[in-house]
Amino acid sequence: MKTSSGKIVDLATALAAVKDGMTVGIGGWIFHGQPMALIRGLIARGVRDLTLVPAPGSVAPDMLIGAGCVKETACVFISFEHLGLAPNFRRAAQSGAVKVLEMDGPGIAGGLRAGACDLPYGLIPDLGTDLPKVNPNGYRKARVQEGSRPLLEVPAIKPDVLLLHGQQADEEGNVQYFGAGYFDLLMAQAAKHVICSVDRIVPSSTVRQSARLTKIPSAFVDAIVVTPFGAHPGCSPGLYDQDEAHLKTYVAASRDQKSFDSYLDAFVRNGGGEPAYRDKIGAQALAALTSGGAAP
């Protein structure tokens, strides 16, 4: 159901914009601000054949890959850092189930800048990387070389849909982050359609009083979904920490496809959506993650 602003909608309405075969961007950074409620919603809908363009991420792209929703991904890295490699991503990459287009930070940023400016390609410095050898469609020697540093061309990146998570928003769709914004604004500028989950809605007066926290202005946002603990098991900076215990459960469950399917059945495909997910995690466990600020 939409509010008078037209931006705040329920999860099903927001995710109806995502179709099979689309290119989907994912914001956040490793365990920070991953749009997990949106990811779980996509898996429950059974979307297939996606091309992922994640900012350096962890559980969000890994879960989509493990659920069989992805055909290829252009990424810098997908990692669980101190918990090891991303298990589903690694298995799919090794088996060839998912095509991996290797990129680096400058390549992703250059492609997004080109997409945001509606240009066919962006220019980045050629620092001697071997990426043009392993991803020749993603990097090529620039046709125009100016200055003393050699340049590469990277094609524009324009996600059909971008999934983000912020801490709060107002009813007009201005999204505020209590931590870093990472690539999220640049991705929002390049994407055709932006869906952002937030832990809570606040009055516009609150947003105006702390305008510096508004990382994604309403003009770039198509849909807001209010999902308390919507970044879990990752963190939502300033509101709650990442859930180390559940992340370890996730990694253990990802040791093979059968175990991971059981995890998805228990936490994602149970038919109850996000309320059922929070019940499964437990109110006490979620409350223990809050990091001194007001809980969602």
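The values are calculated or read from the model by the stated rules, or taken from the named source; none is laboratory data. As the structure is a prediction and not an experimental result, all values here were calculated from the model. Every residue, glycine among them, receives a Cβ derived from its backbone with ideal geometry; neighbour counts consider all protein chains shown. With ligands, DNA and RNA removed, areas are computed over all heavy atoms of the protein, side chains included. Shrake-Rupley method; radii C 1.70, N 1.55, O 1.52, S 1.80 Å.
Data overview
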| read-out | value |
| --- | --- |
| Residue that is surrounded by the most Cβ atoms within 10 Å (Cβ to Cβ), among those in the range 116-162 that are closer than 25 Å to K99 by Cα and among the hydroxyl-bearing types (S, T, Y) | Y139 |
| Qualifying residue in the range 163-173 (condition: touching a Gly at 6+ places or on another chain (Cβ under 8 Å), open to solvent by less than 80 Å² (accessible area, probe 1.4 Å) and assigned to a loop (DSSP other than H, G, I, E, B)) | no |
| Residue match in the range 43-65 (condition: within 21 Å of G110 (Cα to Cα), more than 12 Å from the chain's Cα centre (by Cα) and among the acidic types (D, E)) | no |
| Qualifying positions in the range 79-99 - out of contact with any helix residue (DSSP H, G or I) (no Cβ under 9 Å at 6 or more places or on another chain) and on the phi > 0 side of the Ramachandran plot | E81, G96 |
| Answer residue from the range 16-30, given it is under 14 Å from F183 (Cα atoms) and open to solvent by less than 40 Å² (accessible area, probe 1.4 Å) and is farthest from the chain's Cα centre (by Cα) among those | I30 |
| Sole residue being in contact with a strand residue (DSSP E or B) (Cβ under 9 Å, 6 or more places away or on another chain), in a loop (DSSP other than H, G, I, E, B) and closer than 22 Å to G166 by Cβ, chosen from V24, V18, V47, V53 | V18 |
| Residue ranges of helices (runs of 4 or more DSSP H) in the range 222-296 with at least 2 members closer than 27 Å to V202 by Cβ | 273-281, 283-287 |
| Subset of the range 254-268 [open to solvent by 30 Å² or more (accessible area, probe 1.4 Å) and either in contact with a Pro (Cβ under 7 Å, 6 or more places away or on another chain) or more than 18 Å from R278 (Cα to Cα) (or both)] | R255, D256, Q257, K258, D261 |
| The one condition in (1) open to solvent by less than 40 Å² (accessible area, probe 1.4 Å); (2) in contact (Cβ under 8 Å) with a residue 40 or more places away in the chain; (3) assigned to a helix (DSSP H, G or I); (4) not small (G, A, S) that T13 fails to fulfil | (1) |
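Results for (1) more than 20 Å from R40 (Cβ to Cβ); (2) modelled with pLDDT of 95 or more; (3) not in a loop (DSSP other than H, G, I, E, B); (4) not hydrophobic (A, V, I, L, M, F, W, C), shown as yes or no for each residue.
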position	(1), (2), (3), (4)
I65	no, yes, yes, no
T73	no, yes, yes, yes
N88	no, yes, yes, yes
A97	yes, yes, no, no
G110	yes, yes, yes, yes
R113	yes, yes, yes, yes
